[in-house]
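The structure appears below as C-alpha coordinates.
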There are 2 protein chains.
Amino acid sequence: MQFDESSLTYNDQGLIPAIAQEADTGEVLMLAWMNAEAVRRSLETGRVTYWSRSRQAFWVKGETSGHVQELIELRVDCDRDCLLVLVRQSGPACHTNRRSCFYTAIRDGDEIQIMSPEV
Amino acid sequence: MQFDESSLTYNDQGLIPAIAQEADTGEVLMLAWMNAEAVRRSLETGRVTYWSRSRQAFWVKGETSGHVQELIELRVDCDRDCLLVLVRQSGPACHTNRRSCFYTAIRDGDEIQIMSPEV
(Lines give C-alpha, C1' and ligand atoms only; values in the text may rest on other atoms or scores of the structure.)
Protein backbone atom coordinates (compact mmCIF):
# COMPACT_ATOMS: atom_id res chain seq x y z
CA MET A 1 0.00 0.00 0.00
CA GLN A 2 1.35 3.39 -0.92
CA PHE A 3 2.15 5.57 2.07
CA ASP A 4 0.26 8.83 2.38
CA GLU A 5 1.37 11.11 5.21
CA SER A 6 -2.12 12.60 5.39
CA SER A 7 -3.39 9.18 6.54
CA LEU A 8 -1.60 9.60 9.89
CA THR A 9 -3.41 10.80 13.00
CA TYR A 10 -2.22 14.23 14.08
CA ASN A 11 -3.14 16.03 17.30
CA ASP A 12 -5.21 19.21 17.39
CA GLN A 13 -2.08 21.20 16.51
CA GLY A 14 -1.55 19.04 13.44
CA LEU A 15 1.46 17.29 14.99
CA ILE A 16 2.56 13.70 15.56
CA PRO A 17 5.34 12.62 17.97
CA ALA A 18 8.44 11.12 16.39
CA ILE A 19 10.91 9.01 18.38
CA ALA A 20 14.44 9.16 16.96
CA GLN A 21 16.41 5.96 17.49
CA GLU A 22 20.00 5.33 16.40
CA ALA A 23 19.71 2.65 13.73
CA ASP A 24 22.95 0.87 14.57
CA THR A 25 22.85 0.77 18.37
CA GLY A 26 19.13 1.04 19.17
CA GLU A 27 19.78 3.98 21.47
CA VAL A 28 16.76 6.26 21.84
CA LEU A 29 18.05 9.77 21.14
CA MET A 30 15.13 12.17 21.43
CA LEU A 31 11.45 12.77 20.85
CA ALA A 32 10.29 15.66 18.69
CA TRP A 33 7.22 16.51 16.64
CA MET A 34 6.39 16.51 12.93
CA ASN A 35 3.52 17.84 10.91
CA ALA A 36 2.47 16.19 7.63
CA GLU A 37 4.82 18.35 5.59
CA ALA A 38 7.77 17.50 7.88
CA VAL A 39 7.02 13.79 7.39
CA ARG A 40 6.96 14.33 3.63
CA ARG A 41 10.20 16.32 3.64
CA SER A 42 11.98 13.77 5.83
CA LEU A 43 11.10 10.98 3.41
CA GLU A 44 11.89 13.03 0.32
CA THR A 45 15.21 14.47 1.45
CA GLY A 46 16.51 11.70 3.73
CA ARG A 47 17.29 14.41 6.31
CA VAL A 48 15.08 14.19 9.36
CA THR A 49 12.92 17.30 9.59
CA TYR A 50 10.74 18.20 12.58
CA TRP A 51 8.33 20.99 13.37
CA SER A 52 9.70 23.23 16.11
CA ARG A 53 6.85 24.07 18.47
CA SER A 54 8.84 26.85 20.15
CA ARG A 55 9.90 28.51 16.88
CA GLN A 56 6.79 27.47 14.92
CA ALA A 57 8.99 26.60 11.97
CA PHE A 58 10.43 23.60 10.18
CA TRP A 59 13.52 22.29 11.91
CA VAL A 60 15.94 20.39 9.71
CA LYS A 61 17.80 18.62 12.50
CA GLY A 62 21.45 19.70 12.48
CA GLU A 63 20.99 22.53 9.99
CA THR A 64 22.76 24.98 12.28
CA SER A 65 24.65 22.59 14.60
CA GLY A 66 25.81 20.14 11.96
CA HIS A 67 24.39 17.33 14.08
CA VAL A 68 22.22 15.99 11.30
CA GLN A 69 20.06 12.90 11.34
CA GLU A 70 20.23 10.79 8.22
CA LEU A 71 16.93 8.97 7.78
CA ILE A 72 17.39 5.22 7.65
CA GLU A 73 13.75 4.17 8.02
CA LEU A 74 10.43 5.63 9.09
CA ARG A 75 7.98 3.40 10.96
CA VAL A 76 4.36 3.98 11.96
CA ASP A 77 2.66 2.55 15.03
CA CYS A 78 -0.56 0.52 15.17
CA ASP A 79 -2.71 3.58 15.95
CA ARG A 80 -0.97 5.67 13.29
CA ASP A 81 -0.46 8.41 15.88
CA CYS A 82 3.26 7.98 16.57
CA LEU A 83 6.38 7.60 14.42
CA LEU A 84 9.63 5.76 15.04
CA VAL A 85 12.46 7.28 13.03
CA LEU A 86 15.57 5.16 12.63
CA VAL A 87 18.48 7.51 12.04
CA ARG A 88 22.19 7.77 11.73
CA GLN A 89 23.04 10.62 14.08
CA SER A 90 26.08 12.82 13.46
CA GLY A 91 27.46 14.01 16.80
CA PRO A 92 25.22 14.54 19.81
CA ALA A 93 21.45 14.58 19.34
CA CYS A 94 20.78 16.74 22.40
CA HIS A 95 21.20 20.51 22.54
CA THR A 96 23.16 19.97 25.79
CA ASN A 97 25.79 18.22 23.63
CA ARG A 98 24.94 14.82 25.01
CA ARG A 99 24.47 11.85 22.76
CA SER A 100 20.82 11.43 23.84
CA CYS A 101 18.29 13.72 25.49
CA PHE A 102 17.47 10.96 28.01
CA TYR A 103 20.53 11.43 30.21
CA THR A 104 18.69 11.68 33.53
CA ALA A 105 17.75 8.42 35.24
CA ILE A 106 15.62 7.99 38.34
CA ARG A 107 17.41 5.63 40.69
CA ASP A 108 16.29 5.00 44.28
CA GLY A 109 14.14 8.13 44.06
CA ASP A 110 16.99 10.39 42.98
CA GLU A 111 17.82 12.01 39.66
CA ILE A 112 21.19 10.80 38.38
CA GLN A 113 22.93 12.07 35.26
CA ILE A 114 24.15 9.02 33.38
CA MET A 115 25.72 10.73 30.38
CA SER A 116 28.21 13.60 30.03
CA PRO A 117 28.32 16.25 27.33
CA GLU A 118 30.61 15.34 24.44
CA VAL A 119 33.70 17.51 24.04
CA MET B 1 18.49 15.51 43.68
CA GLN B 2 15.29 13.85 44.80
CA PHE B 3 12.89 13.17 41.95
CA ASP B 4 9.49 14.82 42.12
CA GLU B 5 7.01 13.81 39.42
CA SER B 6 5.30 17.20 39.71
CA SER B 7 8.50 18.80 38.38
CA LEU B 8 7.89 17.30 34.92
CA THR B 9 6.28 19.29 32.13
CA TYR B 10 2.83 17.96 31.26
CA ASN B 11 0.68 19.03 28.33
CA ASP B 12 -2.62 20.88 28.70
CA GLN B 13 -4.31 17.55 29.46
CA GLY B 14 -1.83 16.89 32.26
CA LEU B 15 -0.06 14.17 30.27
CA ILE B 16 3.53 13.38 29.29
CA PRO B 17 4.53 10.93 26.52
CA ALA B 18 6.38 7.81 27.66
CA ILE B 19 8.43 5.68 25.26
CA ALA B 20 8.65 2.04 26.33
CA GLN B 21 11.90 0.37 25.34
CA GLU B 22 12.85 -3.25 26.00
CA ALA B 23 15.75 -3.02 28.43
CA ASP B 24 17.66 -6.04 27.13
CA THR B 25 17.36 -5.58 23.36
CA GLY B 26 16.79 -1.83 22.95
CA GLU B 27 13.68 -2.49 20.88
CA VAL B 28 11.19 0.39 21.01
CA LEU B 29 7.87 -1.22 21.91
CA MET B 30 5.27 1.55 22.11
CA LEU B 31 4.49 5.10 23.12
CA ALA B 32 1.76 5.87 25.61
CA TRP B 33 0.93 8.65 28.03
CA MET B 34 1.24 9.15 31.77
CA ASN B 35 -0.08 11.71 34.19
CA ALA B 36 1.80 12.57 37.38
CA GLU B 37 -0.01 9.90 39.35
CA ALA B 38 0.82 7.25 36.72
CA VAL B 39 4.50 8.21 36.97
CA ARG B 40 4.32 7.91 40.74
CA ARG B 41 2.54 4.54 40.61
CA SER B 42 4.99 3.14 38.03
CA LEU B 43 7.93 4.00 40.26
CA GLU B 44 6.24 2.79 43.42
CA THR B 45 4.92 -0.52 42.12
CA GLY B 46 7.53 -1.40 39.48
CA ARG B 47 4.63 -2.13 37.11
CA VAL B 48 4.43 0.36 34.26
CA THR B 49 1.17 2.29 34.52
CA TYR B 50 -0.15 4.66 31.86
CA TRP B 51 -3.15 6.93 31.56
CA SER B 52 -5.54 5.67 28.90
CA ARG B 53 -6.76 8.65 26.90
CA SER B 54 -9.58 6.63 25.33
CA ARG B 55 -10.85 5.15 28.59
CA GLN B 56 -9.82 8.14 30.75
CA ALA B 57 -8.53 5.75 33.37
CA PHE B 58 -5.29 4.36 34.76
CA TRP B 59 -3.95 1.57 32.62
CA VAL B 60 -1.70 -0.91 34.39
CA LYS B 61 -0.11 -2.38 31.29
CA GLY B 62 -0.95 -6.08 31.03
CA GLU B 63 -3.55 -6.06 33.80
CA THR B 64 -6.10 -7.79 31.59
CA SER B 65 -3.83 -9.28 28.88
CA GLY B 66 -1.07 -10.48 31.17
CA HIS B 67 1.42 -8.68 28.95
CA VAL B 68 2.89 -6.69 31.80
CA GLN B 69 5.82 -4.32 31.69
CA GLU B 70 8.22 -4.61 34.59
CA LEU B 71 9.87 -1.25 35.16
CA ILE B 72 13.65 -1.44 34.93
CA GLU B 73 14.42 2.28 34.81
CA LEU B 74 12.66 5.58 34.19
CA ARG B 75 14.54 8.33 32.38
CA VAL B 76 13.64 11.97 31.80
CA ASP B 77 14.65 14.04 28.79
CA CYS B 78 16.44 17.40 28.78
CA ASP B 79 13.20 19.39 28.48
CA ARG B 80 11.50 17.25 31.15
CA ASP B 81 8.56 16.80 28.78
CA CYS B 82 9.14 13.20 27.69
CA LEU B 83 9.94 9.94 29.48
CA LEU B 84 11.91 6.89 28.40
CA VAL B 85 10.77 3.80 30.25
CA LEU B 86 13.10 0.81 30.16
CA VAL B 87 11.02 -2.30 30.67
CA ARG B 88 11.01 -6.05 30.66
CA GLN B 89 8.00 -6.86 28.50
CA SER B 90 6.07 -10.09 29.00
CA GLY B 91 4.67 -11.25 25.66
CA PRO B 92 3.71 -8.80 22.93
CA ALA B 93 3.48 -5.10 23.78
CA CYS B 94 0.99 -4.31 21.01
CA HIS B 95 -2.75 -4.97 21.17
CA THR B 96 -2.41 -6.60 17.71
CA ASN B 97 -0.30 -9.28 19.45
CA ARG B 98 2.89 -8.08 17.84
CA ARG B 99 6.04 -7.60 19.86
CA SER B 100 6.13 -3.84 19.10
CA CYS B 101 3.53 -1.34 17.92
CA PHE B 102 5.97 -0.11 15.25
CA TYR B 103 5.48 -2.98 12.81
CA THR B 104 4.80 -0.87 9.73
CA ALA B 105 7.82 0.45 7.82
CA ILE B 106 7.80 2.87 4.92
CA ARG B 107 10.04 1.49 2.20
CA ASP B 108 10.24 2.98 -1.29
CA GLY B 109 7.03 4.86 -0.61
CA ASP B 110 5.07 1.77 0.40
CA GLU B 111 3.83 0.53 3.75
CA ILE B 112 5.37 -2.84 4.60
CA GLN B 113 4.51 -4.96 7.62
CA ILE B 114 7.80 -6.12 9.09
CA MET B 115 6.47 -8.06 12.08
CA SER B 116 3.82 -10.76 12.44
CA PRO B 117 1.46 -11.31 15.36
CA GLU B 118 2.78 -13.81 17.89
CA VAL B 119 0.88 -17.08 18.19
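The values are calculated or read from the model by the stated rules, or taken from the named source; none is laboratory data. Remember, it's a predicted structure, so these values are computed and weren't measured experimentally. Virtual Cβ from ideal backbone geometry, glycine too; neighbours counted across all protein chains shown.
Within the stretch A:1-31, can you find the residues that are within 27 Å of A:R99 (Cβ to Cβ), in contact (Cβ under 8 Å) with a residue 24 or more places away in the chain and not acidic (D, E)?
The first filter runs over the stretch A:1-31 and keeps only residues within 27 Å of A:R99 (Cβ to Cβ), leaving A:15-31.
Those left that are additionally in contact (Cβ under 8 Å) with a residue 24 or more places away in the chain: A:15-24, A:27-31.
If the condition is that a residue be within 27 Å of A:R99 (Cβ to Cβ), in contact (Cβ under 8 Å) with a residue 24 or more places away in the chain and not acidic (D, E), then A:L15, A:I16, A:P17, A:A18, A:I19, A:A20, A:Q21, A:A23, A:V28, A:L29, A:M30, A:L31 are the ones that fit.
Look at (1) surrounded by fewer than 22 Cβ atoms within 10 Å (Cβ to Cβ); (2) farther than 18 Å from A:D110 by Cβ; (3) not acidic (D, E) and you find that B:M34 fails only one, number (1).
Could you go through the stretch A:41-61 and let me know if any residue there is of a type outside the set (F, W, Y) and facing another protein chain (nearest Cβ under 7 Å). Please lay out each step first, then the result.
As a first pass, look at the stretch A:41-61 and keep what is of a type outside the set (F, W, Y): A:41-49, A:52-57, A:60-61.
Those left that are additionally facing another protein chain (nearest Cβ under 7 Å): A:43.
Yes, the stretch A:41-61 contains a residue that is of a type outside the set (F, W, Y) and facing another protein chain (nearest Cβ under 7 Å).
Conditions (1) part of a helix (DSSP H, G or I); (2) at the interface with chain B (Cβ under 7 Å from one of its Cβ atoms); (3) of a type in the set (D, E), marked per residue:
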| residue | (1), (2), (3) |
| --- | --- |
| A:S6 | yes, no, no |
| A:Y10 | no, no, no |
| A:G26 | no, yes, no |
| A:E37 | yes, no, yes |
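Just so you know, in the stretch B:62-115 the residues that are part of a loop (DSSP other than H, G, I, E, B), more than 7 Å from chain A (Cβ to nearest Cβ) and among the polar types (S, T, N, Q) include one that is nearest to A:L74 (Cα to Cα), and it is B:S100. Checked against (1) surrounded by 15 or more Cβ atoms within 10 Å (Cβ to Cβ); (2) modelled with pLDDT under 95, B:V119 passes all but a single condition, namely (1).
Across the stretch B:71-86, the qualifying residues are those that are under 12 Å from the mean Cα position of the chain (by Cα) and within 11 Å of B:L8 (Cβ to Cβ), and the one among them that is surrounded by the most Cβ atoms within 10 Å (Cβ to Cβ) is B:L83. Given the condition touching a strand residue (DSSP E or B) at 6+ places or on another chain (Cβ under 6 Å) and more than 30 Å from B:Q113 (Cβ to Cβ), answer yes or no: does some residue in the stretch A:44-52 qualify? Within the stretch A:44-52 (the criterion being touching a strand residue (DSSP E or B) at 6+ places or on another chain (Cβ under 6 Å) and more than 30 Å from B:Q113 (Cβ to Cβ)), the answer is yes, since at least one residue qualifies. Remark: pairs (first residue in the stretch B:32-50, free of Cβ contacts under 8 Å to residues at least 24 places away in the same chain; second residue in a helix (DSSP H, G or I) and crowded, with 19+ Cβ neighbours inside 10 Å; Cβ separation under 7 Å; 6+ apart in sequence or on different chains) = B:T49/B:A38; B:T49/B:R41; B:T49/B:S42.
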